[in-house]
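Only one structure is covered here, and it is reproduced in the block below.
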Amino acid sequence: MFKLLENRMIVPNIHLLTLEAKAVASQVRPGQFVILRAEEDGERIPLSVSDWDRDEGTITVILLNIGTTTGKLASLAAGTEIPTVVGPLGNPTEIEKFGTVLCLGGCYGIGSIFPIARALKEKGNKVITVIEARSSYLFYWEERFREVSDKIIQITRDGTRGYRGHVGRLSEIIQSAGEQIDRIIINGCTFLLKRGSEVSRPFGIKTIVSLNPIMIDGTGMCGVCRLTVGSATKFACVDGPDFDGHQVDWAELLQRRKTYLQEEVIPLRTSRCEEHFRKSKE
Ligand SMILES: Cc1cc2nc3c(=O)[nH]c(=O)nc-3n(C[C@H](O)[C@H](O)[C@H](O)COP(=O)(O)OP(=O)(O)OC[C@H]3O[C@@H](n4cnc5c(N)ncnc54)[C@H](O)[C@@H]3O)c2cc1C
Ligand code: FES
């Protein structure tokens, strides 16, 4: 069993969970993920490891409460023990001295790109961090990013901070950087990954995206995370999750992510109704 030490909503709908997971904490590297279950008969879901403390044996994940299992995890009290934390899984993000690297994160990807930005900075790169959200009240970890970034740029859809709009503004950000950008790394929702890759393509900048297809075992056995990159079949859990965004078959990925939409919506409605019913009886 794995003890949940902390569960805090850091901005609306996004939770920071700190878990005791010694084996993961001792080995995890930037860009890797774990597979968790919230309860004994629950489903397995993948979450990126956004930070860790090797001495304390703890890991931190940033969780977007979007459906049944993320909702269950978000509602757990500190002190609860959860049955499964498997990892670290996937390949670490490639960390080399590239020159100037633009790290783009949105939603839970703001958390998961943090250790990548930190490792790139430690390796001697110039790090430009771009964080994107619907509104400025959804930004988190800005202080932490300041410590590892040479420059921080923000994009908000409502224009409350930084550039107004969405990831399409990346084009102007690249143009106005005043220097060559040697690599772009993007973490977050599939729209951000896809659109970010489209925007960077004409600039010819290598763009690495951390893909998030549906996963079950996370070890290459079930095949559910299959995707096409270039003309090759890949499994995101063992070949990725990082891939060249200019090579990904985005249409296939988006289609496969919708495979279980019905099955995802029905338990969500049921669990939220049960919760509402329980609260109304209390
Ligand atoms: C490598 C990887 C790293 C991820 N890192 C994070 C993270 O750090 N923080 C975070 O909040 N989310 C992360 N995700 C996404 C997260 O796994 C899904 O949001 C979660 O599984 C949704 O489960 P649910 O039951 O709450 O929602 P559901 O209602 O079941 O699904 C909501 C959405 O999540 C997708 N999804 C459902 N089940 C899975 C699954 N087993 N694997 C992947 N996607 C699924 C669905 O396609 C749907 O779009 C990551 C996904 C991958 C593949
Ligand atoms: S999650 Fe099963 S093969 Fe990748």
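The values are calculated or read from the model by the stated rules, or taken from the named source; none is laboratory data. Computed from a predicted model, the values in this text were never measured in an experiment. Methodologically, a virtual Cβ is constructed for each residue, glycine included, from the backbone with ideal geometry; neighbour enumeration extends over all protein chains shown. Calculation scope for accessible area: heavy atoms of the full protein, side chains included, ligands and nucleic acids excluded. Shrake-Rupley method; radii C 1.70, N 1.55, O 1.52, S 1.80 Å.
Does region 166-183 hold any residues that are assigned to a loop (DSSP other than H, G, I, E, B) and of a type in the set (G, A, S), and which are they? Scanning region 166-183 gives S176, A177, G178. Residues in region 203-215 that are within 14 Å of ligand 1 (Cβ to nearest atom) and either closer than 14 Å to T190 by Cα or among the β-branched types (V, I, T) (or both): I208, V209, S210, L211, N212, P213, I214.
Comparison of F2, F98 shows that the only residue that is farther than 20 Å from R144 by Cα and in contact with a helix residue (DSSP H, G or I) (Cβ under 8 Å, 6 or more places away or on another chain) is F98.
What about G218, is it within 12 Å of ligand 1 (Cβ to nearest atom) and modelled with pLDDT of 90 or more? Don't jump to the end; show me each part of the working.
On the way: within 12 Å of ligand 1 (Cβ to nearest atom): yes; modelled with pLDDT of 90 or more: yes.
Judged against the criteria, G218 is a match.
Restricting the search to helices (runs of 4 or more DSSP H) fully inside region 67-165 and requiring at least 1 residues that are within 16 Å of ligand 1 (Cβ to nearest atom), modelled with pLDDT of 95 or more and closer than 25 Å to E39 by Cβ gives 68-74, 108-122. Scanning for something more than 17 Å from S48 (Cβ to Cβ), near ligand 1 (Cβ under 10 Å from one of its atoms) and either at pLDDT below 95 or surrounded by fewer than 17 Cβ atoms within 10 Å (Cβ to Cβ) (or both), does region 271-278 turn up at least one residue? Within region 271-278 (the criterion being more than 17 Å from S48 (Cβ to Cβ), near ligand 1 (Cβ under 10 Å from one of its atoms) and either at pLDDT below 95 or surrounded by fewer than 17 Cβ atoms within 10 Å (Cβ to Cβ) (or both)), the answer is yes, since at least one residue qualifies.
Residues in region 125-141: is at least one more than 26 Å from W250 (Cβ to Cβ) and among the basic types (K, R)?
First, pick out the residues of region 125-141 that are more than 26 Å from W250 (Cβ to Cβ): 125-127, 135-137, 139-141.
The next check asks that each one be among the basic types (K, R); those that pass are 126.
Checking region 125-141: at least one residue is more than 26 Å from W250 (Cβ to Cβ) and among the basic types (K, R).
With G223, G204 as the choices, which residue is open to solvent by less than 40 Å² (accessible area, probe 1.4 Å) and not hydrophobic (A, V, I, L, M, F, W, C)?
On the way: G204 fails: open to solvent by less than 40 Å² (accessible area, probe 1.4 Å).
Selected residue: G223, the only one of G223, G204 that is open to solvent by less than 40 Å² (accessible area, probe 1.4 Å) and not hydrophobic (A, V, I, L, M, F, W, C).
For every residue, the table says whether it meets (1) closer than 21 Å to E94 by Cβ; (2) without any contact (Cβ under 8 Å) to a residue 60 or more places away in the chain.
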{"residue": "D182", "(1), (2)": "yes, no"}
{"residue": "E198", "(1), (2)": "no, yes"}
{"residue": "P241", "(1), (2)": "yes, no"}
{"residue": "Q247", "(1), (2)": "yes, yes"}
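Taking first residues from region 80-105 that are in contact (Cβ under 8 Å) with a residue 12 or more places away in the chain and open to solvent by less than 20 Å² (accessible area, probe 1.4 Å) and partners that are of a type in the set (D, E) and outside any strand (DSSP E or B), the Cβ contacts under 8 Å between residues at least 6 apart in sequence or on separate chains come to I82/E39; T100/E179; T100/D182; V101/D182. Starting from residues that are part of a strand (DSSP E or B) and open to solvent by 20 Å² or more (accessible area, probe 1.4 Å), keep the ones in region 19-44 and report whichever is nearest to ligand 1 (Cβ to nearest atom). So, considering only residues that are part of a strand (DSSP E or B) and open to solvent by 20 Å² or more (accessible area, probe 1.4 Å), the one nearest to ligand 1 (Cβ to nearest atom) is R37.
Conditions (1) open to solvent by 10 Å² or more (accessible area, probe 1.4 Å); (2) of a type in the set (D, E); (3) over 22 Å from the mean Cα position of the chain (by Cα), marked per residue:
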| position | (1), (2), (3) |
| --- | --- |
| V130 | no, no, no |
| W141 | yes, no, no |
| E172 | yes, yes, yes |
| L193 | no, no, no |
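Among the residues of this structure, V199 counts as one that is at pLDDT 95 or above and either part of a helix (DSSP H, G or I) or within 16 Å of ligand 1 (Cβ to nearest atom) (or both). The residue that is farthest from ligand 1 (Cβ to nearest atom), counting only those in region 235-259 that are open to solvent by 70 Å² or more (accessible area, probe 1.4 Å) and under 27 Å from I174 (Cβ atoms), is Q247. Can you say whether I59 is surrounded by 23 or more Cβ atoms within 10 Å (Cβ to Cβ), farther than 30 Å from R157 by Cβ and touching an Asp or Glu at 6+ places or on another chain (Cβ under 9 Å), as far as the supplied structure shows? Spelling it out, I59 is indeed surrounded by 23 or more Cβ atoms within 10 Å (Cβ to Cβ), farther than 30 Å from R157 by Cβ and touching an Asp or Glu at 6+ places or on another chain (Cβ under 9 Å).
Within region 135-159, the set of residues being among the polar types (S, T, N, Q) and either within 22 Å of P12 (Cα to Cα) or free of Cβ contacts under 8 Å to residues at least 24 places away in the same chain (or both) comprises S135, S136, Q154, T156.
Any chance region 228-237 includes a residue that's touching a residue at least 24 places away in the same chain (Cβ under 8 Å), touching a strand residue (DSSP E or B) at 6+ places or on another chain (Cβ under 9 Å) and more than 10 Å from ligand 2 (Cβ to nearest atom)? Yes: one or more hits.
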